[in-house]
Amino acid sequence: MSAVLEGRGLRHAYGATPVLGGVDLALEPGEVVALLGPSGSGKSTLLHLLAGLLRPDSGEVWLAGERFDPLSERRRSDRRLRQMGFVFQLGDLVPELTIAENVELPLRLTGVRAAVARARALAMLDRLGVADHAHKRVSEVSGGQAQRGAVARALVHRPPVVLADEPTGSLDTTTGELVLEALVDAATAQGTAVLLVTHEMRVASWAHRDVLLRDGRVVGAAGSAPEVATTAVSA
């Protein structure tokens with residue numbers, strides 16, 4: 001099975017300070033990978049390089065079989081919109097919108113008709129157990145419900161890749177487990193590759209394999225990619 005997102009020999013520095021020293025990382029469809037490491041190890045920089053938010057000083061990023069890093073900012077932004085989903089520590093939902101309207105955003109921005117986008121958003125929210133809160137604003141739901149809304153937004157357009165940066169960092173243990181279960185189950189059902197950036201072994205335990213980053217280099221890995229079906233389910 002070929003990688004859907006791959007970084008090859010990635011190096012990056014901020015001024016004279018090296019951050020990444022030649023990192024290789026590949027994600028296969030349906031695979032959940034935990035990227036672990038202490039603060040300052042380069043996890044966030046690697047995430048930004050893989051997402052096309054930064055360009056590497058050297059090395060390459062490949063997305064869905066095509067070279068990603070040399071594209072123009074506009075083309076990288078378009079590829080992110082269509083082929084990636086993101087979950088952040090605080091969810092980053094738009095507070096003025098309802099949960100359903102937030103989930104619809106990736107679909108509407110890519111030209112999906114309003115009625116179709118609404119139906120798909122509600123179906124995804126139902127799968128994640130928060131359909132009852134679809135028409136509430138972010139301020140009217142709990143942190144865990146909002147974060148499951150963020151997971152729904154990341155998955156609703158069926159991207160080949162989801163990048164999750166400390167997705168349970170602001171949640172209590174029980175709520176965080178519910179969010180991780182929803183993310184992993186929905187992603188693997190759709191054949192989506194998930195990169196979980198975390199410093200917690202509890203979060204990493206949900207992954208199929210772990211990659212340990214220290215001082216800008218991969219220093220360890222464990223586990224193996226699962227055999228999964230990659231046919232997207234309807235939503």
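The values are calculated or read from the model by the stated rules, or taken from the named source; none is laboratory data. Keep in mind it's a predicted model, so treat the numbers as computed, not measured. Quick reminder, even Gly has a Cβ in these numbers, built from the backbone with ideal geometry, and neighbours come from all protein chains shown.
Of the residues G59, G52, which is touching a Lys or Arg at 6+ places or on another chain (Cβ under 7 Å) and within 20 Å of D165 (Cα to Cα)? From the options G59, G52, the qualifying one is G52. Only a single item in (1) under 15 Å from the mean Cα position of the chain (by Cα); (2) crowded, with 18+ Cβ neighbours inside 10 Å; (3) outside any helix (DSSP H, G or I) is not met by P106, and it is number (3).
Basic (K, R), surrounded by fewer than 24 Cβ atoms within 10 Å (Cβ to Cβ) and part of a helix (DSSP H, G or I): is that true of R158 in this structure? Steps first, please.
Working: basic (K, R): yes; surrounded by fewer than 24 Cβ atoms within 10 Å (Cβ to Cβ): yes; part of a helix (DSSP H, G or I): no.
It is false that R158 is basic (K, R), surrounded by fewer than 24 Cβ atoms within 10 Å (Cβ to Cβ) and part of a helix (DSSP H, G or I).
All told, R11 falls short of being in contact with an Asp or Glu (Cβ under 6 Å, 6 or more places away or on another chain), part of a loop (DSSP other than H, G, I, E, B) and not β-branched (V, I, T). Residues in segment 139-148 include at least one that is more than 22 Å from the chain's Cα centre (by Cα) and part of a helix (DSSP H, G or I).
Number of residues in segment 109-138 that are under 14 Å from V156 (Cβ atoms), within 20 Å of the chain's Cα centre (by Cα) and not in a helix (DSSP H, G or I) equals 3. Taken over segment 9-21, residues that are crowded, with 17+ Cβ neighbours inside 10 Å and within 11 Å of G59 (Cα to Cα) amount to 3. Within the option set A235, A229, A186, A204, being touching a helix residue (DSSP H, G or I) at 6+ places or on another chain (Cβ under 9 Å), on the phi < 0 side of the Ramachandran plot and at pLDDT 80 or above holds for one residue only, A186. Among the residues of segment 43-69, count how many are in contact with a helix residue (DSSP H, G or I) (Cβ under 9 Å, 6 or more places away or on another chain) and either outside any strand (DSSP E or B) or charged (D, E, K, R) (or both). Final tally of qualifying residues: 10. Candidates G129, G176: the one that is without any contact (Cβ under 8 Å) to a residue 40 or more places away in the chain and either buried (at least 16 other Cβ atoms within 10 Å of the Cβ) or on the phi > 0 side of the Ramachandran plot (or both) is G176.
Quick one: is Q89 of a type outside the set (A, V, I, L, M) and part of a loop (DSSP other than H, G, I, E, B)?
yes
Filtered by the rule that a residue be among the charged types (D, E, K, R) and either touching a strand residue (DSSP E or B) at 6+ places or on another chain (Cβ under 8 Å) or buried (at least 22 other Cβ atoms within 10 Å of the Cβ) (or both), segment 132-155 gives K136, R137, R148, R153. Considering segment 172-210, and only residues there that are under 11 Å from the mean Cα position of the chain (by Cα) and part of a helix (DSSP H, G or I), the residue that is farthest from M124 (Cα to Cα) turns out to be V184. Looking at (1) under 13 Å from F88 (Cβ atoms); (2) not in a loop (DSSP other than H, G, I, E, B), which one does G169 not meet, given that it meets all the others? For G169, the failing item is (2).
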